[in-house]
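Q: This is the structure I want to talk about, given as structure tokens.
The values are calculated or read from the model by the stated rules, or taken from the named source; none is laboratory data. A quick note: this is a predicted structure, and the numbers were derived from the prediction, not measured. Here Cβ is always computed from backbone atoms with ideal geometry, including for glycine, and neighbour counts include all displayed protein chains.
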Amino acid sequence: MHFSPKRIALFGNSYQVDKFKCAIQIILKLQQLGLEVLVAEDFIPVLREHTPDASVLEGMGSFCIKECQADLAISIGGDGTFLHAAEQLGRRKIPILGINMGRLGFLADVTPEMVDNALERVAAGKFYISERSLIQVQTLGDALETYPFALNDVAVLKHDNASLIEIDTRVDGELLTKYMADGLVLSTPTGSTAYSLSVGGPVLDPQSATICLSPVAPHSLTMRPIVLRDDVVIRLKIDSRTERFLLSIDGRSQSFSTNTEVILQKADYKIAVVHLHSNAFFRALREKMMWGEDIRG
């Protein structure tokens, strides 16, 4: 138990009709619990459009992201919506609870069926907070035009259908290797169950102080994922026949020339994630990934 929040910020997106029903349910429940509810300014027009009873939203406050003042935030969607909320809140140290309207959901781990109970526990302060590290991205060359922090992962990928790219990878100035591959995924412990896992990376405890490097379709079978301390500085130089490559930061992609060097290191702030159970990560492994179960037909 940490504290009993009084003001809740609500985030969502415009996908899936079921989300709007869940959002209204959440708003009504929070109001019933005596909590003040503010809705992100880019989400409230969507709610108004899809809410049959407009009176539900009367008097509902909205907030500009830059001026968000809340004790706790709720993200309605999948892990992508959670990542968006984390991006918008940035350094504000506002804990985020994820309501999962997607599929797997490691960050957003509260299902719609659990909403009422989850909100009652939140109102009573009966929840847990885990702090998650981020990767900060800098570029030397072409300017980075997106939010430079990743809660899940950073990926360097070949451009379109180009041939393999070479990724000169140095850790604290020392050459690690030159990957010949379709790309390279650098993940936080939080992101170890996302893109990194799909290319053969290991599952990491979200509280471990690590960064994992996993090559995407490497040319050599000796190129295996490697886990590093997260206090290192990683520098990447890319060589490609097309003289272009893609850089993806939590799914936000931008094209760069190969004259651009990419520098990665641990960010100087963390994101606070709300859980209903102290062992939420291990529970998710067992229940969502069928960890240790016999899945043979």
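Q: Within the group 208, 255, which residue is closer than 30 Å to residue 97 by Cβ and within 22 Å of the chain's Cα centre (by Cα)?
A: When all the criteria are applied, what remains is 208.
Q: Further, regarding this structure: Of the numbered conditions (1) surrounded by fewer than 17 Cβ atoms within 10 Å (Cβ to Cβ); (2) on the phi > 0 side of the Ramachandran plot, residue 250 satisfies every one except a single condition; which is it?
A: (1)
Q: So, in the range 231-247, how many residues would count as being buried (at least 17 other Cβ atoms within 10 Å of the Cβ) and among the polar types (S, T, N, Q)?
A: Total meeting the criteria: 1.
Q: Ok, one more. Within the range 139-154, track down each residue that is assigned to a loop (DSSP other than H, G, I, E, B) and either in contact (Cβ under 8 Å) with a residue 12 or more places away in the chain or β-branched (Val, Ile, Thr) (or both). I'd like the intermediate steps shown before the answer.
A: Restricting attention to the range 139-154, the residues satisfying the condition of being assigned to a loop (DSSP other than H, G, I, E, B) are 141-148, 151-152.
Correct list: 141, 142, 144, 145, 146, 147, 148, 151, 152.
Q: Out of the residues in the range 209-235 meeting the condition of being of a type in the set (D, E, K, R) and without any contact (Cβ under 8 Å) to a residue 40 or more places away in the chain, tell me which one is nearest to residue 191 (Cα to Cα). Steps first, please.
A: Initial filter on the range 209-235 (of a type in the set (D, E, K, R)): 224, 229-231, 235.
This time we only want the ones that are without any contact (Cβ under 8 Å) to a residue 40 or more places away in the chain, so: 224, 229, 231.
Working: 224: 17, 229: 15, 231: 17 Å.
Of everything passing the filter in the range 209-235, 229 is nearest to residue 191 (Cα to Cα).
Q: Restrict the check to the range 175-185 and report whether at least one residue is under 16 Å from residue 262 (Cα atoms) and free of Cβ contacts under 8 Å to residues at least 12 places away in the same chain. Before the answer, list the steps.
A: At the first step, the residues of the range 175-185 found to be under 16 Å from residue 262 (Cα atoms) are 175-179, 183-185.
Now restrict to residues that are free of Cβ contacts under 8 Å to residues at least 12 places away in the same chain: 175.
Yes, the conditions are met somewhere in the range 175-185.
Q: Next question, about the same structure. Given the options 232, 203, name the one that is at pLDDT below 95, within 22 Å of the chain's Cα centre (by Cα) and aliphatic (A, V, I, L, M).
A: Only one candidate qualifies: 203.
Q: Which residue pairs have Cβ atoms under 7 Å apart, sit 6 or more places apart or on different chains, and have a first residue in the range 75-100 that is touching a residue at least 60 places away in the same chain (Cβ under 8 Å) and a second that is of a type in the set (D, E, K, R)?
A: 76/19; 77/19; 83/250; 98/109
Q: Can you pull out the residues in the range 165-191 that are small (Gly, Ala, Ser) and assigned to a strand (DSSP E or B)? Even if it seems obvious, please write down each step before you answer.
A: So in the range 165-191, the residues small (Gly, Ala, Ser) come out as 173, 181, 183, 187, 191.
Answer for the range 165-191, where residues must be small (Gly, Ala, Ser) and assigned to a strand (DSSP E or B): 181, 183, 187.
Q: Looking at the range 258-269, is at least one residue under 22 Å from residue 128 (Cβ atoms), touching a Lys or Arg at 6+ places or on another chain (Cβ under 6 Å) and not in a helix (DSSP H, G or I)?
A: The answer is yes; a qualifying residue exists.
Q: Just a yes or no: is a residue in the range 281-290 part of a strand (DSSP E or B) and either in contact with a helix residue (DSSP H, G or I) (Cβ under 9 Å, 6 or more places away or on another chain) or modelled with pLDDT of 75 or more (or both)? Let's see the steps before the verdict.
A: Pass one, the range 281-290, residues part of a strand (DSSP E or B): none.
For the range 281-290, residues part of a strand (DSSP E or B) and either in contact with a helix residue (DSSP H, G or I) (Cβ under 9 Å, 6 or more places away or on another chain) or modelled with pLDDT of 75 or more (or both): absent.
Q: Now a separate question. Listed residues 197, 228, 213, 204; which is surrounded by 17 or more Cβ atoms within 10 Å (Cβ to Cβ) and either of a type in the set (Gly, Ala, Ser) or assigned to a strand (DSSP E or B) (or both)? Please lay out each step first, then the result.
A: Working: 197 fails: either of a type in the set (Gly, Ala, Ser) or assigned to a strand (DSSP E or B) (or both); 228 fails: surrounded by 17 or more Cβ atoms within 10 Å (Cβ to Cβ); 204 fails: either of a type in the set (Gly, Ala, Ser) or assigned to a strand (DSSP E or B) (or both).
Only one candidate qualifies: 213.
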